[in-house]
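Before any comments, here is the structure.
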Amino acid sequence: MPPFDLVRDCARCAALCCVAHPFSSSEDFAFDKDADERCRHLTADDRCSVHRTLVERGMRGCALYDCHGAGQHVTARLGGDPALRSPELLEAFRVMRTLHEWMALLTTARSHRASAPLSTDIAAVLVALEAAASAPTRDLLEADLRPLRRAVDDLLRRLRPRFAKGGGLPIVDP
Ligand code: SF4
């Protein structure tokens, strides 16, 4: 299995985050948007028209957002064609984004010496995450990710004391 690309590359993404994710008017977002709704700032050719002024336009949440490579991963499944951006693919992107976030967290943790005693356990969970993220879209959507979520959360709980101030490793929501 090739290594997963966990660094976002918007140039290879069909603006999936700008359509798939909902957000609410708040200090991070200037307006409400439903899931699967195109953002009003998305151009006809799927580029962000306010990319250089996100914070000034009240879209700090977009500036902080990271898909950890899930965008280009799912876009590749579309053959790069945004016209194939179906509700099913948008849901697959939301699931894939979670898997990529977990893989990025554990990959980062594994790169630190402090995590060495848990390296075997981290590797095992990463293999399971990579298998889930490699599944065909239909299988991905039907998969029960709760065991993986518990495994990641358990690992992060064991890793956290090894990092100063918790190392910024978050708890995975139940
Ligand atoms: S403001 Fe730009 S980056 Fe944020 S959702 Fe809209 S198009 Fe995407």
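The values are calculated or read from the model by the stated rules, or taken from the named source; none is laboratory data. Just so it is clear, the model here is predicted, and its values are computed rather than measured. A quick note on method: Cβ atoms are made from the backbone with ideal geometry, for glycine too, and the neighbour counts reach across all protein chains shown.
Look at (1) touching a Lys or Arg at 6+ places or on another chain (Cβ under 9 Å); (2) within 28 Å of A143 (Cβ to Cβ); (3) more than 12 Å from the ligand (Cβ to nearest atom) and you find that S86 fails only one, number (1).
Scanning region 21-47 for residues that are of a type in the set (A, V, I, L, M, F, W, C) and more than 11 Å from the ligand (Cβ to nearest atom) yields A35, A44.
Here R57, R12 are screened, and the one residue that is more than 18 Å from the chain's Cα centre (by Cα) and either within 26 Å of T108 (Cα to Cα) or at pLDDT 95 or above (or both) is R57. In this structure, D46 does satisfy being touching a Pro at 6+ places or on another chain (Cβ under 6 Å) and not polar (S, T, N, Q). When R52 is tested against the conditions (1) surrounded by fewer than 21 Cβ atoms within 10 Å (Cβ to Cβ); (2) under 30 Å from A124 (Cα atoms), the lone failure is (2).
Select from region 48-83 the residues that are within 8 Å of the ligand (Cβ to nearest atom) and touching a residue at least 12 places away in the same chain (Cβ under 8 Å) and list them in ascending order. Answer for region 48-83, where residues must be within 8 Å of the ligand (Cβ to nearest atom) and touching a residue at least 12 places away in the same chain (Cβ under 8 Å): C48, R57, M59, G61, C62, Y65.
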